[in-house]
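**Student:** Got a structure here, written out as structure tokens. Questions coming.
The values are calculated or read from the model by the stated rules, or taken from the named source; none is laboratory data. Everything numeric here is computed off the predicted structure, so don't read it as measured data. Cβ: placed from backbone, ideal geometry, glycine included. Neighbour counts: every protein chain shown.
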Amino acid sequence: MDKYEHGGDIYSGSVKLDFSANINPLGMSEGVKEAVHRAIECCNAYPDPFCRTLCRKIAEKESVPAEYIVCGNGASDMIYRAVFAARPRRALITAPTFSEYERALEAEGCETEYHELSEENGFELTEDILPKIDGMDMVFLCNPNNPTGKLISPELLSDIIVKCNAAGARLILDHSFIDFSERAAEYPSSELCENGAVIIKAFTKMYSVPGLRLGYMICSDEIFREKVKLSGQSWSVSIPAQAAGIAALEGEDFIERSVIYISREKRYIYEYMGKFPVLEIFPSEANFLLIRSEKPIDEILRKHGIAIRSCRNFRRLGENYFRMAVKSHEDNLKLIFTLRKELNDGSEAYDPGYHVERWEKLFLRGTLQNLL
């Protein structure tokens, strides 16, 4: 039987609520749905292999020349293409981090080194990584990191770019979750790629289109870009996916509304679930949270049709770690009250009382309702 290592596997069992996939709780916009519906009528032709209109739209968003953009079948496609184009012999990744970096490097026969992140400092990336870049051909960094949700400080990222350039290591910077952060403006794609970083981003998470598969790379190195293009098939982005991307980028203030919604929901989750003695929730700049639990909360929730992501297959983590997406307030309440019922030990800390009443006023009847 095939082994699946990611979230979002709603096909292997009865899942009513999926917190294992980190998808924007605001969902797919009506504009995107309409664009996809219209695009179906055009599917009797091949898609534009160069995604020209979509690349121009992305370039406007990222403030880079359109020729810097290469589109593909999701961020994972771009990860594999980057590896196949560069053919690294030695590469560095952090632990824990997104497993597709390691899988792509293994597929190329690359020797992978690991920089372990310390739980003692909250899984923050520190300058300890700098000496390990020497001798590497490629470095993968996820910012914010999956599954920890931690951002690399802009100052350290600048030092890493300088170090990679000096060492001849290609820096691949995965920014699939950067748009969910309130600090996203501190990481301008234009500046990063001009300084030598290769950026990978996805439409999947922010625009809630995982089933359409759409991602892109931003790279100022023309020779490397051409190798990346040659590393994938000619028609990797379908007509509906291109139409969805164009429509998504035309949606006014969608990212801003999403960041506001998710940031407020995270505060609610921190405040309420932080009262559960058996749980520790790590602060996150993304639309998901890393949780350490003394009990198997994935199995507990699964009995109620709720799926969260076990982190037991992440390097540096284990069976006591879990990742949950931030979803709609209603769905978040369902998960929280399910855990309250299952974990309740009679402690006063589990009484919703003031906390739930106060937050329901904000989320269900307050200003946030105008964002939906």
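**Student:** When you scan region 62-178 for strands (runs of 3 or more DSSP E) that lie fully inside it, which ones turn up with 2 or more residues that are more than 23 Å from residue 207 (Cα to Cα)? It would help to see each step written out before you state the result.
**Tutor:** Details: elements: 69-72, 90-95, 111-116, 138-142, 170-174.
Strands (runs of 3 or more DSSP E) meeting the threshold: 90-95, 111-116, 138-142, 170-174.
**Student:** Please find, among 152, 172, the residue that is buried (at least 16 other Cβ atoms within 10 Å of the Cβ), closer than 15 Å to residue 94 by Cβ, touching a residue at least 12 places away in the same chain (Cβ under 8 Å) and touching a Leu at 6+ places or on another chain (Cβ under 6 Å). Before the answer, list the steps.
**Tutor:** On the way: 172 fails: touching a Leu at 6+ places or on another chain (Cβ under 6 Å).
Only one candidate qualifies: 152.
For every residue, the table says whether it meets (1) polar (S, T, N, Q); (2) part of a loop (DSSP other than H, G, I, E, B); (3) not assigned by TED's automatic domain parsing to the domain that holds residue 149.
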position: 206; (1), (2), (3): no, yes, no
position: 225; (1), (2), (3): no, no, no
position: 242; (1), (2), (3): yes, no, no
position: 290; (1), (2), (3): no, no, yes
position: 301; (1), (2), (3): no, no, yes
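**Student:** Is there any pair linking a residue in region 102-121 that is in the same structural domain as residue 86 (by TED's automatic domain parsing) and at pLDDT 95 or above to one that is assigned to a helix (DSSP H, G or I) and basic (Lys, Arg), with Cβ under 6 Å and at least six apart or on different chains, and which?
**Tutor:** Listed pairs, sorted by first residue: 115/132.
**Student:** Pick from region 316-347 the residues that are among the hydroxyl-bearing types (Ser, Thr, Tyr) and not in a helix (DSSP H, G or I): which of them is nearest to residue 123 (Cα to Cα)?
**Tutor:** Let us first name the residues in region 316-347 that are among the hydroxyl-bearing types (Ser, Thr, Tyr), namely 321, 328, 338, 347.
Imposing the further condition that a residue be not in a helix (DSSP H, G or I) reduces the set to 321, 328, 347.
Values: 321: 13, 328: 27, 347: 30 Å.
Only one residue tops the list, namely 321.
Every residue, every condition in (1) assigned by TED's automatic domain parsing to the domain that holds residue 71; (2) more than 27 Å from residue 114 (Cβ to Cβ); (3) touching a strand residue (DSSP E or B) at 6+ places or on another chain (Cβ under 6 Å), yes or no:
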residue: 147; (1), (2), (3): yes, no, yes
residue: 156; (1), (2), (3): yes, no, no
residue: 170; (1), (2), (3): yes, no, yes
residue: 214; (1), (2), (3): yes, yes, no
